[in-house]
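Trainee: Have a look at this one.
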Amino acid sequence: MTNIEKFIQMVKESDNIVFFGGAGVSTESGIPDFRSVDGLYHQKYDDPPETILSHSFYIKEKEKFYRFYRDKMLCLTAKPNITHIKLAELETAGKVKAVVTQNIDGLHQLAGSKNVLELHGSVHRNYCEKCGKGFDAEYILNSSTEVPLCDKCAGSIKPDVVLYEEGLDSQTIRDAIFYISHADMLIIGGTSLAVYPAAGLIDYYTGNKLVLINKSTTPMDGRADLLIQAGLGEVFEQIQ
């Protein structure tokens with residue numbers, strides 16, 4: 001039995017699955033990841049991406065922030081891929097109880113997943129820093145000013161994404177811990193498990209069906225009950 005066949009068998013036998021995913025879930029939808037050879041960290045801007053995507057840079061250099069953000073973070077034409085679709089189907093079937101994601105692209109919801117815990121926020125929620133009015137991602141993308149402004153009070157609008165130096169939402173963390181600690185199967189996919197505190201969440205899993213699916217090695221490989229070094233699409237397309 002191959003590792004992928006073992007994985008399919010585990011899914012069949014489980015009815016309380018939690019999926020924990022990172023950028024690798026969305027790369028097959030054409031959204032760049034951060035750390036691979038052609039990821040965002042290897043592209044040339046005046047400032048490194050992790051600097052641009054920091055709270056302090058946002059406060060000081062909103063125009064530069066938004067130039068990068070619109071160019072690299074708003075991939076609004078991206079469509080869900082087979083992994084997003086299969087996870088939504090497994091949720092509908094009552095098997096997947098929650099998707100915990102480090103992604104901000106909203107593709108899990110677009111595929112039909114209902115219980116999605118977004119650790120790092122979403123590009124689809126944006127708020128005026130002055131009056132709190134909400135705006136969608138299209139408003140940000142098509143804004144006539146470099147820094148998008150509120151159409152009600154002209155305050156600047158900030159995306160509801162967690163920037164470097166900002167803390168994660170405490171309720172989202174509590175919910176993720178609840179689902180992971182109660183899961184009978186935890187599938188981790190498309191993440192380098194290098195970003196904390198998100199990566200630390202897997203410590204709350206106490207079961208014996210920890211599946212790690214990633215193209216490259218991660219610091220957690222030794223802890224997996226089943227390790228599959230392959231693309232997520234290649235694995236998930238085999239779920240019937």
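Trainee: So if each residue of separation counts as 0.36 nm, and I subtract the Cα-Cα distance between Lys79 and Leu110, what length gain in nm does that give?
Mentor: 10.4 nm
Trainee: Using per-residue counts of other Cβ atoms within 10 Å, averaged over each peptide, order 195-207, 75-87 from highest down. Walk me through the intermediate numbers first.
Mentor: Working: 195-207: 16.1, 75-87: 19.5.
Final packing ranking: 75-87, 195-207.
Trainee: So, for the stretch 83-240, what is the accessible surface per residue at a probe of 1.4 Å, expressed in square angstrom? Intermediate results must be reported in sequence, preceding the final value.
Mentor: Numbers: 7170 Å² over 158 residues.
Accessible surface, normalised per residue, equals 45 Å².
Trainee: Further, regarding this structure: Specify the angular offset, from 0 to 90 degrees and rounded to the nearest 10, of the alpha carbon long axis of helix 3-13 from the longest principal axis of the alpha carbons in the chain.
Mentor: Between helix and principal axis, roughly 90 degrees.
Trainee: For Lys6, list the lysines whose Cα falls under 23 Å from its own Cα; do not include residues on the same chain fewer than 8 positions away.
Mentor: Within the straight-line cut-off, Lys6 pairs with Lys86, Lys95, Lys97, Lys209, Lys215.
Trainee: With +1 on the Cβ of every Lys and Arg and -1 on the Cβ of every Asp and Glu, and nothing else charged, how large is the dipole of the chain about its Cα centre, in debye rounded to the nearest 20? Intermediate values should be presented prior to the final figure.
Mentor: Details: 24 positive and 32 negative charges, 46 e Å.
That gives the chain a dipole magnitude of about 220 debye.
Trainee: Here is a follow-up. Using just the helices of the chain, give the 222 nm mean residue ellipticity in deg cm²/dmol: DSSP H runs with n ≥ 4 each add -39,500 (n - 2.57), and the total is spread over all residues, rounded to 500. Show your work: numbers first, answer last.
Mentor: Working: 9 runs with 67 residues, N = 240.
Calculated at 222 nm, the ellipticity per residue is -7000 deg cm²/dmol.
Trainee: Please say if the stretch 180-240 is rounded, prolate or oblate, where rounded means a/c under 1.5 for a ≥ b ≥ c the square roots of the C-alpha gyration tensor eigenvalues, and otherwise the choice is prolate for a/b larger than b/c and oblate otherwise? Show your work: numbers first, answer last.
Mentor: Values: a/c = 1.86, a/b = 1.23, b/c = 1.50.
Because a/c hits 1.5 or more and a/b fails to exceed b/c, the stretch 180-240 counts as oblate.
Trainee: Give the distance, in whole Å, between the Cα centre of the stretch 210-224 and the Cα centre of the stretch 173-202.
Mentor: 13 Å
Trainee: Given a cut-off of 24 Å, name the pairs among Lys72/Lys152; Lys72/Lys114; Lys12/Lys114 whose C-alpha atoms lie farther apart than that in the structure shown. Please list the in-between numbers first.
Mentor: Numbers: Lys72/Lys152 27 Å; Lys72/Lys114 26 Å; Lys12/Lys114 21 Å.
Correct reply: Lys72/Lys152; Lys72/Lys114.
Trainee: Here is a further query. Quick check: the angle from helix 170-182's long axis to the longest principal axis of the chain, C-alpha only, nearest 10 degrees?
Mentor: 10 degrees
Trainee: Please give me the summed charge of the neighbours of Ile52: other residues whose Cβ is under 10 Å from its Cβ, Lys and Arg +1, Asp and Glu -1.
Mentor: Details: positive: Lys64, Arg67, Lys72; negative: Asp46, Asp47, Glu50, Glu61.
Around Ile52, the surrounding residues sum to -1.
Trainee: Measuring from centroid to centroid over Cα atoms, what is the spacing of the stretch 3-21 and the stretch 66-141 in Å?
Mentor: The distance from the Cα centre of the stretch 3-21 to that of the stretch 66-141 comes to 23 Å.
Trainee: Something else: Once the dipole of the stretch 84-141 is set up with Lys and Arg at +1 and Asp and Glu at -1 on Cβ about the Cα centre, which of Val100, Ile140, Tyr127 lies farthest towards its positive end?
Mentor: Highest projection toward the positive end goes to Val100.
Trainee: So how tilted is helix 82-92 from the main axis of the chain? Cα-based, degrees 0 to 90, rounded to 10.
Mentor: Computed tilt is about 70 degrees.
Trainee: Counting each pair of different Cα atoms once, what's the Kirkwood radius of the chain in Å, rounded to one decimal?
Mentor: 18.7 Å
Trainee: For Cα pairs less than 8 Å apart in space and 6+ apart in sequence, what is the mean separation divided by the residue count of the chain, i.e. the relative contact order in percent?
Mentor: Values: 422 pairs, mean separation 56.7, N = 240.
Relative contact order for the chain comes out at 24 percent.
Trainee: Okay, next question. Averaged over all directions, how much area does the convex hull of the C-alpha atoms of the stretch 79-175 cover when projected, in nm²? Write down the numbers at each step before the final one.
Mentor: Values: hull surface 29.3 nm².
Convex hull of Cα atoms, orientation-averaged projection: 7.3 nm².
Trainee: Moving to a separate point now. What dipole magnitude, in Debye to the nearest 20, does the stretch 4-142 give about its Cα centre under +1 on Lys/Arg Cβ and -1 on Asp/Glu Cβ?
Mentor: Numbers: 18 positive and 19 negative charges, 48 e Å.
That gives the stretch 4-142 a dipole magnitude of about 240 debye.
Trainee: Just to check, using Stokes-Einstein with a Kirkwood Rh over alpha carbon pairs, what's the diffusion coefficient of the stretch 122-240 at 20 °C and 1.002 mPa s in µm²/s?
Mentor: Numbers: Rh = 17.2 Å.
After rounding, the answer is 124 µm²/s.
The values are calculated or read from the model by the stated rules, or taken from the named source; none is laboratory data. Treat the numbers as computed from the prediction; the structure is a model and nothing was measured. Methodologically, a virtual Cβ is constructed for each residue, glycine included, from the backbone with ideal geometry; neighbour enumeration extends over all protein chains shown. SASA here: full protein model, heavy atoms, side chains in, ligands and nucleic acids out. Shrake-Rupley method; radii C 1.70, N 1.55, O 1.52, S 1.80 Å.
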